[in-house]
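Worksheet: the structure to be examined is printed underneath.
Bear in mind these aren't lab numbers, they're just calculated from the coordinates by the rules spelled out. Keep in mind the model is a prediction, meaning the values are calculated, not measured. Here the Cβ is made from the backbone with ideal geometry for all residues, glycine too, and neighbour counts use every protein chain on show.
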Amino acid sequence: MNSQNKTILNNERREFLKNSAKLGVATLGVLGSAHSLFGADSVEASNLGSAVPFVTLNNGVKMPMVGFGTFNMKDLKEVQTSVESALEVGYRHFDTAQRYGSEEGLGAGIKASGVKREEIFITTKLLPRFANEKDTLRAFEDSLKRLQTDYVDLFLLHWPVNDTYAAWRIMSRLQKEGRIKALGVCNFTADRLVDFCINNEIKPAINQAEFHPLYQRTALQKAGEEYGVKLVSWSSFGRGREGVLDNKELARIAKKYNKSVAQVVLRWLIEQDIIVMPKTTRKERMIENISIFDFKLDESDKTAIAKLDKGKSLFYDPQDVERIKWFNSKEYDIIKL
């Protein structure tokens, strides 16, 4: 394809996005007429995103329950192209982090798409070594520059390390100023989450944590429910470790509904009121991951999936001293999990 044809194709893609926005994709700020689905507020739209329900966070902010993840996507063009494709499909929620190196690509993709900023929910995360009184504000403002926006919808502490309470005070001030719509944490265990909720004026709205069929974390779910903290699943498919996507029981259930194993896993999470952020660079997978609202798991399916729980992380031990040192180091900025 020559450069002229590429330009034409890109212009057509952006025109499509602009038109789809005009055809009725509801903004995140105006959802009073949205209908209810599984107890969450949903929006009307002219694409696959119209089926995605919204959950109301503990401060009243509305968040799409299916988003698009950008972990391990550091190449600017790859991120931008993937984000533009995801917007075409109907995604309106995007997850990034200072550590991922994908903020700039996400910002560029949103800007190129022509979709209005207020129609998009952006989550980003504070790098652990910046979680202190001195660095939090500067790090946040650097994220805004990379994202090409003047606010973020959700700002998270990436790990429960460093001076998280000092960082949270600054984040809370930014929320009160309207530069952050909601605050949250990542990777907090049940005990850390409860202590954090008790000792802060503003409670986390979100705890983003490893959660999948092999690691179901009932105690963490219950701790969050007590304080109105919603759970977001990262690594919903276990990143392919220990054969989550090849599991025979999940494959049986998928065949029953004529769905993929990935769709069954995402549907199982959504039915537990857990927000999901699947990542892919392939458009057909983007469509697959958001097409999970035309079936519902029965009780026998849920019972079968509950039996798959192994009760341990596929990635890290929260009490591993060397891991904690690593999270606090500069090396964590550039080494992938």
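Checking the a/c ratio against 1.5 first, then a/b against b/c, what shape does the Cα gyration tensor give for region 40-143?
Working: a/c = 2.35, a/b = 1.33, b/c = 1.77.
Verdict is oblate for region 40-143.
Of Lys259/Lys307; Lys77/Lys125; Lys145/Lys330; Lys203/Lys248; Lys62/Lys256; Lys77/Lys330, which pairs sit farther than 30 Å apart, going by alpha carbon to alpha carbon? If you can, show how the numbers build up before the last one.
Values: Lys259/Lys307 21 Å; Lys77/Lys125 21 Å; Lys145/Lys330 21 Å; Lys203/Lys248 40 Å; Lys62/Lys256 33 Å; Lys77/Lys330 25 Å.
Cα-Cα > 30 Å for Lys203/Lys248; Lys62/Lys256; rest within.
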Completion exercise
Volume per residue (Å³) of the convex hull spanned by the alpha carbons of region 242-308 is 95 Å³
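Just flag the trypsin sites (Lys or Arg not before Pro) in region 114-208 sitting in loop per DSSP whose Cβ has no more than 16 other Cβ atoms within 10 Å. Please list the in-between numbers first.
Details: sites: Lys116, Arg117, Lys125, Arg129, Lys134, Arg138, Lys145, Arg146, Arg169, Arg173, Lys176, Arg179, Lys181, Arg192; in loops: Lys116, Lys134, Arg179.
Those that pass, being in a loop and sparsely packed, are Lys116, Lys134.
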Completion exercise
Pseudo-spin-label distance Glu331 to Lys74, built 7 Å along Cα→Cβ, given in nm, is 1.5 nm
Fill in the blank from the handout: Relative contact order of region 54-131 (C-alpha contacts under 8 Å, at least 6 apart) in percent is 31 percent
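Beyond 18 Å, how much of the Cα-Cα pair distribution for region 147-207 remains, as a whole percent?
On the way: 511 of 1830 pairs.
Value for region 147-207 (Cα pairs over 18 Å): 28 percent.
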Practice task
With θ set to phi - 60°, apply the Karplus curve 6.51 cos²θ - 1.76 cosθ + 1.60 along region 93-107 and write out the HN-Hα couplings as whole Hz, x wherever there is a Gly or Pro.
Solution key: 10, 10, 10, 9, 6, 4, 6, 5, x, 10, 4, 4, x, 5, x
Practice task
With θ set to phi - 60°, apply the Karplus curve 6.51 cos²θ - 1.76 cosθ + 1.60 along region 191-203 and write out the HN-Hα couplings as whole Hz, x wherever there is a Gly or Pro.
Solution key: 5, 5, 5, 4, 4, 5, 5, 5, 9, 10, 4, 8, 7
Practice task
Work out, step by step, the length gained on full extension between Lys248 and Leu137: first 0.36 nm times the residue separation, then minus their alpha carbon distance; give nm to one decimal.
Solution key: 35.2 nm
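Provide the packing ranking of 204-210, 298-304, 59-65, i.e. peptides ordered by the mean count of other C-beta atoms within 10 Å per residue, highest first.
Details: 204-210: 25.0, 298-304: 12.1, 59-65: 20.6.
Most protected by this proxy first, the peptides run 204-210, 59-65, 298-304.
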Practice task
Hey, can you grab everything whose amide H is under 5 Å from the amide H of Trp234? Only 5+ residues off in sequence or another chain; H modelled, so Pro and N-termini drop out.
Solution key: Ala209, Glu210, Phe211
